[in-house]
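The values are calculated or read from the model by the stated rules, or taken from the named source; none is laboratory data. Remember, predicted model here, so these are calculated numbers, not experimental data. Note that we place each Cβ from the backbone using ideal geometry, even for glycine, and neighbour counts take in every protein chain shown.
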Amino acid sequence: MLRRPRSLVPFLLLASLSVAACGDSDETPDPGATDRDEAHRHDGVADLTGDPGSELDLASLEGGRNDPGWKRYVQLDTVGSEVGGEASETVDDITPERVNGGRYDLPVGDGMEGPSVLAVQVLLDRARFSPGVMDGRWGKNTEKAVVWFQRENGLPATGRVDAVTLERLRGASPASQLVAQRVLTTSDVEGPFTDIPSDIYEKAKLDCMCYESVLEKLAEIAHTTPELLERLNPGVDLLAVRAGDRLLVPTVTEDRDTPGQIARIVVSGGGSFVHAEDASGRILYHFPSTLGSKYAPSPSGGYQIESVHPDPMWHYQPDLLTGVPDGEPAAMIPAGPNNAVGVVWMQLSKPHYGIHGTSAPETIGYATSHGCVRLTNWDARTLSRHVASGVPVDFIDSAAGG
C-alpha cells in the first residue's frame, strides 16, 4: 500500500520572504479538456490529491513507472531494453540472504522484480546514481540510473544490468553486504510523530508537518518504502521500535559525499532527471526528478542557485493554484518532511522556482509538478549539502515542447 501522496507544491515562505514556488496560475488550458480535466489539468499531479490507494492514483503511478517516453531524450546503444525470458524472481523472494547472496538473475531490466532488482538499486544508490525509492521493482527511475551509470563508465548504454555492468557497480560502491543490520539510534526513532490531516487548513494548525510514524521515518532514512522494510524484518513491529533495536535495512550512504566539486546542475525536463556535474562535465550525482507538465512547464534556459533553505514553510495561496477556488483563504503550512516542498528548498535565480524535496517520494519521476524541480527528500538533502550560491542550473529538453 502506498503512503498517501500529499504533494501539490505551490508556494513557500522562507523566514520573512514569501516565494511563489513552481509556477503561476495563468497556464493555457488543454483545448480538449473536459470539466474534470479542467479541474485536474496538471497531468499526474492532480491524481495525487485524490483518495489514497484509489484505483486512479495507483494506476497513474504505475503508468508513470513504466512510461518509456523518457528514452526520447537519451541515446541507447540498443533498441529498447526488454529482457528476454520469463522472470524467475518476485518481490516475495526478497530476503537479506537473497539480496546479499551475490547470485543474480542477469540481465536485470524491464519487467523484473525481486532480490536482483533490489541489489541493483542499492548499488546504484551507493554509486551516487539514485534510483529514487528502492522497492525491488524495476521502473524507469532505475533504468535511467543504469543508462547514465553505463555512459559515465564507458559501457554500452543498454539500460540493462549485465555481468560487466554489475561488476562495475560493485567496484563503484564497495560494500560487504547490500542489506545489513542497523542499530537504531535515538535520532533514528525520536519524534514527534503527527497524524497529518487531509484538510489544508487543519494542516496549518499543526506545529510540524512531521513524520506520521517511526516506520515512515526509517523508510526515508533507508531510501525505501515501509513495505520493503517490513519484508526485510518479518515479525518485527516497526511501529514500536526503540533506540538500540537492530533492523535489517539497505546499506545506503546517507550523505553520499561527492568525489569532486559541483560546477553545474543540469535539469532534463523531458528525461525527468537532474545531474550534478563537475567542471569537466563528469556526472557526480544522478537524481530522478519530477518536473513540470505541459500545462505548468518547468523553465528553460540558464539560471543559478541563489540560496539554500533547510526546513522551509509552505505558503498555500489558492488564487495562484490551478483547480482551487480563488476565494479560499491562504494558509501557512509548517515545516517538516511531510510539507509539500519537503526538507529543503534551493532557490533559483528565476523568481518563484526552486529545487526541493517532497512529501510523496514514491511519485518522483512518475508524475508532474507545478514547474519546480522535485526530488526525494534524501536526494534533495544530498544535493543541498554540496551546492552553493552561484552554481549554474541549466534546463534542457523541456517536456513542454515534446
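Structure values in brief
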quantity: Selected residue (only one of Pro325, Pro351 is over 20 Å from Asp195 (Cα atoms), surrounded by fewer than 24 Cβ atoms within 10 Å (Cβ to Cβ), without any contact (Cβ under 8 Å) to a residue 24 or more places away in the chain and not aliphatic (A, V, I, L, M)); calculated: Pro325
quantity: Identity of the residue in the stretch 110-133, surrounded by fewer than 24 Cβ atoms within 10 Å (Cβ to Cβ) and not charged (D, E, K, R), that ends up modelled with the lowest pLDDT; calculated: Gly111
quantity: Extreme residue, modelled with the highest pLDDT, among residues of the stretch 261-308 that are outside any strand (DSSP E or B), crowded, with 17+ Cβ neighbours inside 10 Å and among the small types (Gly, Ala, Ser); calculated: Ser289
quantity: Subset of the stretch 328-348 [surrounded by fewer than 20 Cβ atoms within 10 Å (Cβ to Cβ) and closer than 18 Å to Cys210 by Cβ]; calculated: Ala331, Met332, Pro334
quantity: Residues (surrounded by fewer than 16 Cβ atoms within 10 Å (Cβ to Cβ), within 30 Å of Leu123 (Cα to Cα) and either in contact with a Lys or Arg (Cβ under 8 Å, 6 or more places away or on another chain) or among the hydrophobic types (A, V, I, L, M, F, W, C) (or both)) located in the stretch 181-217; calculated: Gln181, Val183
quantity: Check on Leu229, under 25 Å from the mean Cα position of the chain (by Cα), in a helix (DSSP H, G or I) and free of Cβ contacts under 8 Å to residues at least 40 places away in the same chain; calculated: yes
quantity: Neighbours by Cβ (under 9 Å, 6+ apart or cross-chain): first from the stretch 58-85, more than 16 Å from Leu291 (Cα to Cα) and modelled with pLDDT of 75 or more; second part of a helix (DSSP H, G or I) and of a type in the set (Phe, Trp, Tyr); calculated: Val74/Trp148
quantity: Test: residue in the stretch 309-330 that is under 29 Å from Val74 (Cβ atoms), modelled with pLDDT under 85 and out of contact with any Gly (no Cβ under 6 Å at 6 or more places or on another chain); calculated: no
quantity: Scan of the stretch 158-185 for residues that are part of a helix (DSSP H, G or I) and over 25 Å from Thr224 (Cβ atoms), ordered by number; calculated: Ala163, Val164
quantity: Some residue of the stretch 358-373 being surrounded by fewer than 24 Cβ atoms within 10 Å (Cβ to Cβ) and under 12 Å from Pro288 (Cα atoms); calculated: yes
quantity: Selection within the stretch 134-167 - crowded, with 24+ Cβ neighbours inside 10 Å, among the small types (Gly, Ala, Ser) and over 17 Å from Ser272 (Cα atoms); calculated: Gly136
quantity: Pairs, first on the phi > 0 side of the Ramachandran plot in the stretch 145-170, second assigned to a loop (DSSP other than H, G, I, E, B) and of a type outside the set (Asp, Glu), C-beta under 9 Å, six or more apart; calculated: Gly159/Val74; Gly159/Leu76; Gly159/Thr78; Gly159/Gly80; Gly159/Ser81; Gly159/Gly109
quantity: Qualifying residue in the stretch 135-157 (condition: touching a Gly at 6+ places or on another chain (Cβ under 7 Å), outside any loop (DSSP other than H, G, I, E, B) and within 16 Å of Trp378 (Cα to Cα)); calculated: yes
quantity: Residue match in the stretch 378-393 (condition: modelled with pLDDT under 95, in contact with a His (Cβ under 8 Å, 6 or more places away or on another chain) and among the basic types (Lys, Arg)); calculated: no
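Condition check ((1) aliphatic (A, V, I, L, M); (2) modelled with pLDDT of 95 or more) across all residues:
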residue: Gln150; (1), (2): no, yes
residue: Arg168; (1), (2): no, yes
residue: Ser176; (1), (2): no, no
residue: Val179; (1), (2): yes, yes
residue: Asp195; (1), (2): no, yes
residue: Leu206; (1), (2): yes, yes
